[in-house]
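Structure first, then comments.
Values in this text are rule-based calculations from the coordinates and carry no lab data. Fair warning: this is a prediction, and the values are worked out from it, not measured in the lab. Don't worry about glycine lacking a Cβ; one is built from the backbone with ideal geometry, like all the others, and counts go over all protein chains shown.
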Amino acid sequence: MKVVIFGLGYVGFTAACCISSEGHSVVGIDVSDKKVKSILDGHAPIVEPGVQEMLLEGLEKGLITAATSIGDNLDGADLAIVCVGTPSAADGSHNMGYIADVSRQIALALKGADRARPLAVAYRSTIRPGSIQDLILPIFQSVLGEDASGLFDLIYNPEFLRESSAVKDYFEPPKIVIGTQDGQPNPVMEELNTNITAPTFYVGYREAEFTKFVDNTWHAVKVAYANEIGRVCLNLGIQASTVHEIFKSDTKLNISAYYTRPGGAFGGSCLPKDVRALQYIGADSGTSMPLVESLIRTNEAHKHRLYEYAVDGLEPGAKVLLAGLAFKAATDDLRESPNVDLARKMLQAGFAVEIYDPAINAEKLVGTNLGYAYSQLPMIQSLLVDKATADSGSYARVIAANATVKELDLPAGSDIRDLGSL
């Protein structure tokens with residue numbers, strides 16, 4: 001294929017070298033005369049293992065060239081990849097000026113073009129969700145007008161390159177994410193990734209655009225959490241490296257997909273109690289732990305948002321079934337269950353609430369579990385219903401608070417709001 005890459009920084013230049021190494025013809029476009037001249041002279045403009053050798057090979061084979069303007073470089077191109085910068089603006093948002101400018105230049109270069117198939121225009125710059133639909137597409141449409149149809153396909157294809165291992169990451173990515181208008185594969189991107197084996201996700205624009213924010217912020221959370229734990233260890237005379245060895249050995253729960261799916265708030269007898277205890281240990285040892293200190297607050301905020309989500313569109317007085325009261329199905333542990341808070345809020349708001357949870361018998365609750373349940377829901381015994389009642393379907397909405405809902409045989413068309421899978 002013929003590939004044109006806009007922006008020859010770390011992402012764009014690495015991509016140019018890697019793509020040319022697979023036999024594709026690559027034209028790099030960058031506004032920097034110095035950078036373009038360096039590339040044409042055979043000198044990589046960045047320091048990154050492997051790219052210098054790939055550049056020389058690409059130049060020798062006539063597969064890499066560079067220019068400071070589009071000119072006629074899009075003629076005959078199969079794919080344009082946009083890798084220009086999106087630096088932080090003063091308010092923390094991305095400055096989209098370079099994206100807008102390059103998009104307009106590409107659209108102008110396509111104006112009046114006679115193409116056998118649309119030019120695939122893939123954006124790899126990190127951009128706010130909605131940017132393709134609300135900023136980039138309107139630019140193309142405003143420039144091309146009625147000629148827009150059939151000239152281009154917009155794609156969002158985030159990159160997952162780490163500096164110092166970018167070449168290896170290009171060919172061995174953790175995943176491939178292709179965002180398109182209809183969430184379906186694009187043949188040009190399929191061809192580009194022919195030799196790359198990785199889990200591949202074909203999604204809509206917004207899901208693809210949001211991926212890098214989710215990933216990078218999660219990485220930041222991991223670093224911040226590890227360092228907060230490290231500070232506590234320093235203050236308490238604990239060997240942090242030993243704690244880390246124990247922590248990372250647990251690939252069933254700690255380093256895994258568990259606890260990372262958006263859904264219910266945390267609760268039960270362990271997590272809230274131990275988080276509060278760690279907060280106290282941090283304060284008592286003189287350790288600043290802003291991330292850990294925010295956990296209970298963010299959990300409370302999430303519980304309130306789940307309440308809003310659960311009752312959205314219902315009028316007070318509506319009859320509602322809460323499927324699952326314990327923090328986890330198949331247990332009768334109600335201690336700090338977010339579902340108990342949810343039931344209490346719905347009752348206070350005037351909803352007619354019934355609860356189905358076969359693991360809970362109000363008469364058999366004991367100890368702290370008994371105290372917590374009745375202090376939060378004094379009428380708990382009268383709220384619980386059996387399966388036959390729950391299956392009746394006489395509810396304005398069924399709220400799936402935990403996996404208990406799977407045991408029900410609800411009528412087709414029941415309004416079910418699942419809090420465990422947002």
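Here are the numbers:
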{"quantity": "Sorted peptide list for 63-72, 8-17, criterion being average Cβ within 10 angstrom, highest first", "calculated": "8-17, 63-72"}
{"quantity": "MRE, 222 nm, helices only [DSSP H, n ≥ 4, -39500 (n - 2.57), over the chain, to nearest 500]", "calculated": "-12000 deg cm²/dmol"}
{"quantity": "Point-charge dipole on Cβ atoms (K/R +1, D/E -1) for the chain, about Cα centre, debye to 20", "calculated": "840 debye"}
{"quantity": "Given Lys328/Lys387; Lys168/Lys252; Lys273/Lys406; Lys37/Lys212; Lys37/Lys61, the pairs whose alpha carbons are separated by over 20 Å", "calculated": "Lys168/Lys252; Lys273/Lys406; Lys37/Lys212"}
{"quantity": "Read-out Kirkwood radius over Cα pairs in Å, derived from the coordinates shown; its label in (i) 21.8; (ii) 22.6; (iii) 25.6", "calculated": "(iii)"}
{"quantity": "Only Lys, Arg (+1) and Asp, Glu (-1) charged, at Cβ; the range 2-206 dipole about Cα centre in debye", "calculated": "280 debye"}
{"quantity": "Mean-position separation - Cα centroids, the range 185-259 and the range 307-371, in angstrom", "calculated": "33 Å"}
